[in-house]
Amino acid sequence: MGQNNNPLPPSRKAQSTSLPMPLPMPFIKATLFMLACQCLGTGQPEAVTVALRDDQTHMRLAIQEARRSRGEENRIHPYVGAVVVRSGQVIGTACRGDQDPRDHAEFGVLEKKLPRERLAGSTVYTTLEPCTTRNHPKVTCADRLIERRVSRVVIGMLDPDQRITGKGVLKLRRAVSL
């Protein structure tokens, strides 16, 4: 038997339809609350509430960007939006196919719209887990985020493609721990 390369526990794996299982809303809210507490390290509920509100606002903007997505003809493509925020200010937005139908949203915002911008200390909000595989010579979105030294990535959902599910998150977490 082959080794199971899916980093998610069996209860969180995508169903046979390749669609992710929805998480119950209380679980999502509790997880966001815990993540906000860890990130802020303040222990003050007011600060956590502000952080969650900001994250929700910026993720909604990423969703709006995703609605503008366009892709290559005769190919299935996900609707993906990306927003870059630094010091509470939006400095760039993009969607899949923003300038070229083959461009991923992260590539569009990081390399086409903000190519010379220093992104250390910034947060990228993306509606879909960053990719971990691309055809040579293209660079994956996860690698691009790491190379550009983005401090934080907020992901709307894991990629439902079982070849990718969870691998973008793992790659980003491993880069932080190095």
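The values are calculated or read from the model by the stated rules, or taken from the named source; none is laboratory data. Keep in mind that this is a model prediction, so the values were computed, not measured. Don't worry about glycine lacking a Cβ; one is built from the backbone with ideal geometry, like all the others, and counts go over all protein chains shown. The area values use the complete protein model at the heavy-atom level, side chains included, leaving out ligands, DNA and RNA. Shrake-Rupley method; radii C 1.70, N 1.55, O 1.52, S 1.80 Å.
Only residues that are surrounded by fewer than 15 Cβ atoms within 10 Å (Cβ to Cβ) and touching a Lys or Arg at 6+ places or on another chain (Cβ under 9 Å) were counted in segment 126-137, giving 1.
Comparison of 165, 126, 133 shows that the only residue that is touching a residue at least 24 places away in the same chain (Cβ under 8 Å) and within 19 Å of residue 55 (Cα to Cα) is 126. With respect to the conditions (1) surrounded by fewer than 22 Cβ atoms within 10 Å (Cβ to Cβ); (2) more than 19 Å from residue 157 (Cα to Cα); (3) among the hydrophobic types (A, V, I, L, M, F, W, C), residue 52 falls short on a single one, namely (2). With respect to residue 76, is the statement that it is among the aliphatic types (A, V, I, L, M), out of contact with any Lys or Arg (no Cβ under 8 Å at 6 or more places or on another chain) and either exposed (fewer than 14 other Cβ atoms within 10 Å of the Cβ) or at pLDDT below 90 (or both) true? Yes. Among the residues of segment 121-129, none qualifies, meaning not one is on the phi > 0 side of the Ramachandran plot and among the charged types (D, E, K, R). Per this entry, residue 90 is not counted among residues that are open to solvent by less than 40 Å² (accessible area, probe 1.4 Å) and closer than 20 Å to residue 52 by Cα.
Restricting the first member to segment 90-108 and to residues that are farther than 18 Å from residue 76 by Cα, and the second to residues that are of a type in the set (Phe, Trp, Tyr), no beta-carbon pair is closer than 7 Å while six or more apart or on different chains.
Table: residues versus (1) over 22 Å from residue 52 (Cα atoms); (2) open to solvent by 20 Å² or more (accessible area, probe 1.4 Å); (3) β-branched (Val, Ile, Thr).
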residue: 102; (1), (2), (3): yes, yes, no
residue: 109; (1), (2), (3): yes, no, yes
residue: 146; (1), (2), (3): yes, yes, yes
residue: 155; (1), (2), (3): no, yes, yes
residue: 169; (1), (2), (3): no, yes, yes
residue: 172; (1), (2), (3): no, yes, no
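Scanning segment 107-133 for residues that are among the hydroxyl-bearing types (Ser, Thr, Tyr), in a loop (DSSP other than H, G, I, E, B) and closer than 17 Å to residue 168 by Cβ gives 127, 132, 133. Restricting attention to segment 58-88, the residues that are within 15 Å of residue 152 (Cβ to Cβ) and either hydrophobic (A, V, I, L, M, F, W, C) or out of contact with any Leu (no Cβ under 8 Å at 6 or more places or on another chain) (or both) add up to 9.
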